[in-house]
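Step one of this worksheet: look at the structure below.
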Amino acid sequence: MIAPDDPRPGQLAQRSEAKVIKVFDGDGFLARVWNPARSQWVEGVPFRFAFIDAPEMGQAFGAEAHAFLEHLIGGKGLRLDPIGKESQGFLPIDNYKRMLGMAYLTEEIPVGPVLYYVGGKCGRGMVRVARPVTRNVELEMIVNGYAWVLRQYAFDREDEYFQAEENARQARRGLWSQNNPEMPWKFKQKQKRRKVAREGQLGLFSGD
């Protein structure tokens, strides 16, 4: 299901063109990014979506989320809109030195049937003439059931994103086919506690 989007013009100086090199998982990838100030490509820039969180690779649907994103953007050109968060001093960089932002994919939609999500509703239509369509990658991950909306950050389009998540949940798409899917941030907290516990147990027998 595609999510056609008409993003706000924004400031052209803040936008970046990128070519996806490798998809890490369901919410991060490596890219070549165009630096307009230097008029050159910057190789190997890690990117993290600003407002979604996909299942971890060790979770149920982690591999499926990775495969879906790989199919969607792998090897393709994107438009990146950097997002600065207050916790990072409004710089579009996270604690792991990854570029934060939203990504838009523009590619030709071929003639034939198409499933789409627009204005909070899903629909089915027929493409009569092939034409380029701009799509919001974050929104597609959400509405197809391969990502949650991040809860800890407020942002302008959160109502729209949460509506897409609810749509996926009601339709039981992707991870929502599970009765009680575990949020990835809770999964990571659990993994961290287990690691600390294991290290503590090893310390008891280390002779220190």
With label points built 7 Å along Cα→Cβ from the Cα atoms of Met126 and Glu17, find their separation and express it in nm.
3.7 nm
Could you give me the radius of gyration and the Dmax of segment 76-151, taking only the C-alpha atoms into account and expressing both in angstrom?
15.7, 47
How large is ³J(HN,Hα), in whole Hz, for each residue of segment 162-173 in order, when computed from phi with the Karplus curve 6.51 cos²θ - 1.76 cosθ + 1.60 and θ = phi - 60°, using x for Gly and Pro?
5, 5, 5, 5, 5, 4, 5, 5, 5, 7, 6, 7
Assuming a strict under-23 Å limit between Cα atoms, what lysine pair count do you get for segment 1-126 once near-sequence pairs (fewer than 8 apart, same chain) are dropped?
6
Pulled fully out, how much extra length does the chain show between Ala60 and Thr134, if you take 0.36 nm times their separation in residues and subtract their Cα-Cα distance?
23.7 nm
Which residues among segment 17-55 fall inside the zone where the amide N is under 20 Å from a point 7 Å beyond the Cα of Gln152, along Cα→Cβ?
25-29, 47-55
Just to be sure I understand: with springs between alpha-carbon atoms less than 10 Å apart, which residue in Gln191, Gln178, Gln170 has the highest mean-square fluctuation in the Gaussian network model of the chain?
Gln191
Assuming 0.36 nm per residue, please report the length gained on full extension of the stretch Asn35 to Gln189 beyond their Cα-Cα distance.
51.8 nm
Would you list the P(r) distribution for segment 38-186, with all Cα-Cα distances sorted into 5 Å bins from 0 and each bin expressed as a whole %?
2, 8, 16, 20, 21, 16, 9, 5, 2, 0, 0
Would you compute, from DSSP H runs of 4+ residues alone, the mean residue ellipticity of the chain at 222 nm, taking -39500 (n - 2.57) per run and dividing by the full residue count, rounded to the nearest 500?
-8500 deg cm²/dmol
Under the rule of at least 5 residues apart or a separate chain, name every residue whose amide H is placed under 5 Å from the amide H of Ile83.
Leu100, Gly101, Met102
Return the distance in nm (one decimal) between the two label points of a simple spin-label model at Val42 and Phe162, each offset 7 Å from Cα along Cα→Cβ.
3.3 nm
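Just so you know, all these numbers are worked out from the coordinates, no wet-lab data involved. Since we're looking at a predicted model, the values are computed, not measured. As a convention, Cβ positions derive from the backbone with ideal geometry for all residues, glycine included, and neighbour counts pool all protein chains shown.
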